[in-house]
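Here is the structure we will look at, set down as structure tokens.
The values are calculated or read from the model by the stated rules, or taken from the named source; none is laboratory data. All of these numbers come straight from a predicted model, not from anything done at the bench. All Cβ positions, glycine included, derive from the backbone under ideal geometry; neighbour counts span all protein chains shown. Just so you know, the surface numbers come from the protein's heavy atoms only, side chains and all, with ligands and any DNA or RNA stripped out. Shrake-Rupley method; radii C 1.70, N 1.55, O 1.52, S 1.80 Å.
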Amino acid sequence: MVDFSTIEYLKNGNQKQILAYEILTQNNILDNIAEFDPVLVGTIPINIDIENSDLDIICYWKNKTDFKTKIQAVFGNEKEFKIRETQIDDQETVIANFRIDPFEIEIFGQNIPTKNQNGYKHMLIENQILASKGENFRLEIIKLKQKGYKTEPAFGLLLGLKNDPYLELLNYKIDSYT
């Protein structure tokens, strides 16, 4: 089982994962925001990324203003930096985007411990599904993503989920479908 709480596993991954590791470590991305318990999530850690996939980093803030101030101070001078506030699943959310070539990096912060956030839960479940379904399934997910599908809807389509794939994946039980 992969320990996604650190990025050490990326060192032994595919070319893009190794590059992601190098970019994140050389630029101290996670170290600079360590107090917010950052975790890399999304498609690159589980090897279903496509050409323009970004590095998604989720964070846990207790004080939104402190979080925004720190993100602005640390990353505000990066290429294409922008930061915004929004509501996602009735949760106050801060999202910052910037670019450190060749990646776009998204920092996603909520007042929810990172391992309790849906982005983390989705990645763990998707990783288990990929392990149980095999290489052809992984390649089909990538094909759908290349056609413009977001990750969870792509899983929903291939798994035959009927309703909201973001919600259904959280309750997906691998054993009952294998």
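Against the test of being in contact with a Leu (Cβ under 9 Å, 6 or more places away or on another chain), of a type in the set (A, V, I, L, M, F, W, C) and under 21 Å from ILE95 (Cα atoms), the options LEU30, LEU10 yield a single qualifying residue, LEU30.
Taking the listed residues GLY76, GLY134, the one that is of a type outside the set (Val, Ile, Thr) and more than 30 Å from ILE29 (Cα to Cα) is GLY134, with no other qualifying. Looking only at region 81-94, residues that are of a type in the set (Ser, Thr, Tyr) and open to solvent by 60 Å² or more (accessible area, probe 1.4 Å) come to 0 in all. Screening LYS115 with (1) of a type in the set (D, E, K, R); (2) assigned to a helix (DSSP H, G or I); (3) at positive phi gives one miss only, at (3). ASP49 falls short on exactly one of the conditions (1) under 27 Å from GLN146 (Cα atoms); (2) touching a strand residue (DSSP E or B) at 6+ places or on another chain (Cβ under 9 Å), and that condition is (2). Among the candidates ASN136, ASN97, ASN111, the residue that is at pLDDT 95 or above, among the polar types (S, T, N, Q) and surrounded by fewer than 13 Cβ atoms within 10 Å (Cβ to Cβ) is uniquely ASN136. Taking interchain pairs and intrachain pairs at least six residues apart, which have beta carbon atoms under 6 angstrom, with the first residue in region 54-69 and farther than 12 Å from ILE95 by Cβ and the second among the aliphatic types (A, V, I, L, M) and open to solvent by less than 10 Å² (accessible area, probe 1.4 Å)? Cβ pairs passing all conditions: LEU55/ALA20; LEU55/ILE105. One residue stands out in region 17-33 among those that are touching a Phe, Trp or Tyr at 6+ places or on another chain (Cβ under 9 Å) and of a type in the set (Val, Ile, Thr): the one that is surrounded by the fewest Cβ atoms within 10 Å (Cβ to Cβ), namely ILE23.
Listed here are the residues, each with its yes/no results for (1) within 24 Å of GLN15 (Cα to Cα); (2) surrounded by 11 or more Cβ atoms within 10 Å (Cβ to Cβ).
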residue: GLU106; (1), (2): yes, yes
residue: LYS121; (1), (2): no, yes
residue: LYS150; (1), (2): yes, yes
residue: GLY160; (1), (2): no, no
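Are any residues in region 166-178 open to solvent by less than 60 Å² (accessible area, probe 1.4 Å) and either within 16 Å of ILE46 (Cβ to Cβ) or under 16 Å from the mean Cα position of the chain (by Cα) (or both), and if so, which ones? Matches in region 166-178: LEU169, LEU170, TYR172, ILE174.
Select, from THR65, THR6, THR25, THR114, the only residue that is hydroxyl-bearing (Ser, Thr, Tyr) and more than 25 Å from ASN127 (Cα to Cα).
THR65 is the lone residue from the list that is hydroxyl-bearing (Ser, Thr, Tyr) and more than 25 Å from ASN127 (Cα to Cα).
Considering only residues that are in a strand (DSSP E or B) and open to solvent by less than 40 Å² (accessible area, probe 1.4 Å), which ones fall in region 55-80? LEU55, ASP56, ILE57, ILE58, CYS59, listed by residue number.
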